[in-house]
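Here's the structure, in structure tokens; my notes come after.
The values are calculated or read from the model by the stated rules, or taken from the named source; none is laboratory data. None of the values given here were measured: they were computed from a predicted structure. Note: ideal-geometry Cβ built from the backbone for every residue, glycine included; neighbour counts use all protein chains shown. Accessible surface is based on the protein model in full, side chains and every heavy atom, while ligands, DNA and RNA are left aside. Shrake-Rupley method; radii C 1.70, N 1.55, O 1.52, S 1.80 Å.
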Amino acid sequence: HAAYNNPQVIVPTPKRIYAKAEGSLFYLDRSSDQLEYLNKSTGLNGNTVTHIAYDPTSRRLIIAYEDGRIDLLDDEDNITQMPDLFMKAYAISTSINSIAVGNKNCYLAMPFGIIAINTKKAIVSDTYYIGDDAASVDVLQVIEDKDSLYAFTQDRIYSAALKDNIVDFHFWHKQNLPAGKLKNAV
């Protein structure tokens, strides 16, 4: 049974206020004050929701599941499945550490690097392996700020200018974090 108590993430959108609670997803409709529950029986493609974020540019809620599935839910209740990550589960870790919304892309912080997705087109735009010699790096959070992308690991900050070819690891610069571990980069 899905648990809908103890919300951990709340995401406001123009029409609704979404909440993720213990792997489940629900929303409050702003116009009717009605509470609605979302799950496989209402059209979602996964079971355990791990992350949600709203992209105002595409007007879509990004729903990430424990198994790497991703759904995009638009303002008209249309659900678009993005199976790319889930289908690569045999080759890479599909565990998503966090989601960040940028101007053109949304970014998934992954145990091996960063995945950029274009939510308008519902496609994976790029994958960034940002470690030395394109090695995997466990990225905990990503932030797009103005003209740069920042990736936070447990002990480093990686940065790259968006105007550069950031698929190439040479364009990523790293800096050690001060003593202590990353708690929250937002």
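So which residues in region 29-57 are in a loop (DSSP other than H, G, I, E, B) and open to solvent by 20 Å² or more (accessible area, probe 1.4 Å)?
R30, S31, S32, D33, Q34, N39, G43, N45, N47, T48, P56, T57
Among the residues of region 74-96, is any over 26 Å from N165 (Cα atoms), touching a residue at least 24 places away in the same chain (Cβ under 8 Å) and among the β-branched types (V, I, T)?
Among the residues of region 74-96, at least one is over 26 Å from N165 (Cα atoms), touching a residue at least 24 places away in the same chain (Cβ under 8 Å) and among the β-branched types (V, I, T), which makes the answer yes.
E66 passes all but one of (1) of a type outside the set (S, T, N, Q); (2) under 17 Å from I123 (Cβ atoms); (3) open to solvent by 70 Å² or more (accessible area, probe 1.4 Å); which number fails?
(2)
Check off (1) of a type in the set (V, I, T); (2) at pLDDT 95 or above; (3) under 30 Å from W172 (Cβ atoms) for I10 and give me the number that stays unchecked.
Of the numbered conditions (1) of a type in the set (V, I, T); (2) at pLDDT 95 or above; (3) under 30 Å from W172 (Cβ atoms), the odd one out for I10 is (3).
Being open to solvent by less than 40 Å² (accessible area, probe 1.4 Å) and within 25 Å of Y54 (Cβ to Cβ) is the filter; apply it to region 126-140 and report the residue that is farthest from the chain's Cα centre (by Cα). Break it down stepwise before answering.
We begin by selecting, within region 126-140, every residue open to solvent by less than 40 Å² (accessible area, probe 1.4 Å); these are 128, 130-131, 137, 139.
Restricting the remaining residues to those that are within 25 Å of Y54 (Cβ to Cβ) gives 128, 139.
Details: Y128: 14, V139: 12 Å.
Of everything passing the filter in region 126-140, Y128 is farthest from the chain's Cα centre (by Cα).
For region 59-93, which residues satisfy the criterion of being polar (S, T, N, Q) and at pLDDT 90 or above?
Filtering region 59-93 down to residues polar (S, T, N, Q) leaves 78, 80-81, 93.
N78, T80, Q81, listed by residue number.
Would region 49-58 turn up any residue that is among the charged types (D, E, K, R) and modelled with pLDDT of 95 or more?
Kept after step one, since they are among the charged types (D, E, K, R), are these residues of region 49-58: 55.
If we keep only those that are modelled with pLDDT of 95 or more too, we end up with 55.
Yes; the residues of region 49-58 include at least one that is among the charged types (D, E, K, R) and modelled with pLDDT of 95 or more.
Going residue by residue through region 120-138, is there one that turns out to be over 21 Å from D164 (Cβ atoms), touching a Ser or Thr at 6+ places or on another chain (Cβ under 8 Å) and of a type in the set (S, T, Y)? Break it down stepwise before answering.
Initially, region 120-138 is screened for residues over 21 Å from D164 (Cβ atoms), giving 120-123, 138.
From what is left, the residues that are touching a Ser or Thr at 6+ places or on another chain (Cβ under 8 Å) are 120, 122, 138.
Then keep just the ones that are of a type in the set (S, T, Y); that gives none.
No, there is no match, as no residue in region 120-138 is over 21 Å from D164 (Cβ atoms), touching a Ser or Thr at 6+ places or on another chain (Cβ under 8 Å) and of a type in the set (S, T, Y).
Tally the residues that are on the phi < 0 side of the Ramachandran plot, open to solvent by less than 30 Å² (accessible area, probe 1.4 Å) and touching a residue at least 12 places away in the same chain (Cβ under 8 Å), restricting the search to region 4-28. Lay out the reasoning, then the answer.
Step one: filter region 4-28 for residues on the phi < 0 side of the Ramachandran plot, giving 4-5, 7-21, 24-28.
Those left that are additionally open to solvent by less than 30 Å² (accessible area, probe 1.4 Å): 11, 13, 16, 18-21, 24-27.
In the following step, the residues that additionally are touching a residue at least 12 places away in the same chain (Cβ under 8 Å) were identified as 11, 13, 16, 18-21, 24-26.
The number of residues fulfilling the criteria is 10.
Of these, N165, N184, N103, which one is modelled with pLDDT under 90, farther than 30 Å from K40 by Cβ and either open to solvent by 60 Å² or more (accessible area, probe 1.4 Å) or among the aromatic types (F, W, Y) (or both)? So that I can check it myself, show each step before the final result.
On the way: N165 fails: modelled with pLDDT under 90; N103 fails: modelled with pLDDT under 90.
It is N184.
Take region 144-162 and flag every residue that is open to solvent by less than 70 Å² (accessible area, probe 1.4 Å) and under 22 Å from T94 (Cβ atoms).
L149, A151, F152, T153, Y158
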